[in-house]
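**Q** Have a look at this one before I ask anything.
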Amino acid sequence: MATKVLLVEDDADQALLFSRVLERIGYAVTQTTTAARAQAYLRTEPYALLLADWDLGGGMAGDTLIVWAKKEQPGLKTVLFSNHPELDAVAAASGADAAFRKISGVDLLRQLIIRLAPA
């Protein structure tokens, strides 16, 4: 059974890119565009990893989702991603296991995901 990843990204092109990259290396990716929908998934299924965009529409930012998700699924690994200059500090404050800059490229994303949640 493939390792399950929940991807929360409101940019359709970015979400498709990240999903394809992760699926090609053996992950089962569930994709959503809002924190509210991510919460619904996390309430009903266990995931190994949550990838959350910091700047989500709909009232809840990715860092707030990570704080909530860590309480809901304590063993969950989390990554906050963005290109914002304050990303590292916000990720650390939220308890995220890692921060990822979108501009870093998919090779770095693959390495990070494999390190946090082996397939």
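**Q** Given Asp53, Asp11, which one is buried (at least 17 other Cβ atoms within 10 Å of the Cβ) and charged (D, E, K, R)?
**A** Exactly one of Asp53, Asp11 is buried (at least 17 other Cβ atoms within 10 Å of the Cβ) and charged (D, E, K, R), namely Asp53.
**Q** Here is a further query. I want to confirm something. Restricting to the range 32-46 and keeping residues that are in contact with a strand residue (DSSP E or B) (Cβ under 9 Å, 6 or more places away or on another chain) and of a type in the set (A, V, I, L, M), which single residue is surrounded by the most Cβ atoms within 10 Å (Cβ to Cβ)?
**A** Ala38
One line per residue, one yes/no per condition, for (1) in a helix (DSSP H, G or I); (2) without any contact (Cβ under 8 Å) to a residue 12 or more places away in the chain; (3) over 12 Å from the mean Cα position of the chain (by Cα):
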site	(1), (2), (3)
Gly75	no, yes, yes
Val79	no, no, no
Pro85	no, yes, yes
Ala91	yes, no, no
Ala99	no, no, no
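**Q** Let me ask another. Within the range 40-62, can one find any residue that is assigned to a helix (DSSP H, G or I) and acidic (Asp, Glu)?
**A** No: the range 40-62 contains no residue that is assigned to a helix (DSSP H, G or I) and acidic (Asp, Glu).
**Q** Right, another one. Looking at (1) of a type outside the set (A, V, I, L, M, F, W, C); (2) in contact with a Lys or Arg (Cβ under 9 Å, 6 or more places away or on another chain); (3) without any contact (Cβ under 8 Å) to a residue 60 or more places away in the chain; (4) under 16 Å from Phe81 (Cβ atoms), can you tell me which one Pro46 breaks?
**A** Checking Pro46 against (1) of a type outside the set (A, V, I, L, M, F, W, C); (2) in contact with a Lys or Arg (Cβ under 9 Å, 6 or more places away or on another chain); (3) without any contact (Cβ under 8 Å) to a residue 60 or more places away in the chain; (4) under 16 Å from Phe81 (Cβ atoms), the one that fails is (4).
**Q** Step by step: first the residues of the range 56-71, then only those that are surrounded by 14 or more Cβ atoms within 10 Å (Cβ to Cβ) and at pLDDT below 95, then the one that is nearest to the chain's Cα centre (by Cα). Which residue is that?
**A** Leu56
**Q** Just checking, does the range 73-96 include any residue being of a type in the set (A, V, I, L, M), in contact with a helix residue (DSSP H, G or I) (Cβ under 6 Å, 6 or more places away or on another chain), at pLDDT 95 or above and more than 12 Å from Leu50 (Cβ to Cβ)?
**A** yes
The values are calculated or read from the model by the stated rules, or taken from the named source; none is laboratory data. Keep in mind that this is a model prediction, so the values were computed, not measured. Neighbour counts are summed over all protein chains in view; Cβ atoms, including those assigned to glycine, are modelled from backbone coordinates with ideal geometry.
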